[in-house]
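Heads up, the thing below is written out as structure tokens.
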Amino acid sequence: MSTTQTFTVTGMTCGHCVASVTEEVQELAGVEDVAVDLPTGAVTITSAAPLDESAVKAAVEEAGYQLA
């Protein structure tokens, strides 16, 4: 059964930002889907198992942004 988690990412201002965050988060093991809502900064991740927040934080930071 899949798990859905939502994180808030700060600093995204455009479609390129969304693409960067999506690309980095999709590389995490077990990630099935990533949905980013630019106006709110919400990043909803569907994965096979709950993700470790530190792994998500590292992926978001790799893309150049921060978890709120």
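How big is the convex hull of the Cα atoms of the chain, per residue, in Å³?
Each residue corresponds to 66 Å³ of Cα convex hull volume.
If you put +1 on each Lys and Arg Cβ and -1 on each Asp and Glu Cβ, how big is the dipole of the chain around its Cα centre, in Debye rounded to 20?
160
Could you do me a favour and compute the accessible area per residue for the range 1-65, 1.4 Å probe, result in Å²?
On a per-residue basis, 55 Å².
The values are calculated or read from the model by the stated rules, or taken from the named source; none is laboratory data. This structure is a prediction, so every number in the text was calculated from the model and none was measured. Cβ coordinates were reconstructed from backbone atoms using ideal geometry, including for glycine residues, and neighbour counts include every protein chain displayed. Ligands, DNA and RNA are stripped out before the accessible areas are found, and what is left, the full protein with its side chains, is counted by its heavy atoms. Shrake-Rupley method; radii C 1.70, N 1.55, O 1.52, S 1.80 Å.
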